Amino acid sequence: MVTKVESGQSAPASAVVPGEEKANTRERILDIALELFTERGYDKTSLRQIAEQLGFSKAAIYYHFASKEDIFMALHMRLHEFGLGALSMIDGAQTPEMWMGLVDHLTDQILAHRSLFVLHERNRAALEELHRAPHDASHEDLELVFRKILSDPKLAARDRVRMACTFGAVMGALVLSGDVFKDIDSVELGSLVRDAAHDLMSR
């Protein structure tokens, strides 16, 4: 619906409608929570602290999220969506060459979502408590597809082992290591990780 500001005139195209404003506020809450949960830890961060960073009241946050747990789950679902995309890619990577294309893409995507991976690594215990059956099943689906590709008898054992190692190299350098490489520019780090993964596959 077009909002009228004067007879015969429309509101500017850039005007934010209530639904958009609500969505933007929700994303701001998630972004601030991501920073605080990563820096201080989920357990040591309160809704009051999130609200203070935003200049809100706790009541304003409750309008968007029922609890701190719901905020953390929403952040987890951001990464969950990334995992669903990876699932479809892994299912199609049926040769070593296709696998390396996947590894290169995952390297770029993990770097783009680096803060989410660091959040999860630093709050593993809290995440375990929040796991719920519906998306636990999706995690299992991802593992099943991963194992299906790596157990394919049509692939040489040498290739399957190296494919697993390249994936481990990417996850180790960009996820399990946390932020130990934060002094390295993302573009340079991505290049170094891809080089290492390709070296593993070609040896």
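Just so it is clear, none of the values below were taken in a lab; they were calculated from the coordinates. It should be emphasised that the depicted structure is a prediction, and the values quoted were computed from it without experimental measurement. Every residue, glycine as well, gets a Cβ built from its backbone with ideal geometry; the counts of neighbours run over all protein chains shown.
Can you work out ³J(HN,Hα) from phi for every residue in the stretch 100-112, in order, using Karplus 6.51 cos²θ - 1.76 cosθ + 1.60 and θ = phi - 60°, giving whole Hz and x for Gly and Pro?
5, x, 5, 4, 4, 5, 4, 4, 5, 5, 5, 4, 5
Tell me the label-point distance for the pair Ser177, Glu129, using the 7 Å Cα-to-Cβ offset, in nm and rounded to one decimal.
3.1 nm
Report the label-to-label distance for Ala59 and Ser46 in nanometres (one decimal), using points 7 Å from each Cα along the Cα→Cβ vector.
Using points 7 Å along Cα→Cβ, the separation is 1.8 nm.
How much length is gained if the chain between Thr25 and Leu150 is pulled fully straight, taking 0.36 nm per residue apart and subtracting their Cα-Cα distance, in nm to one decimal?
40.7 nm
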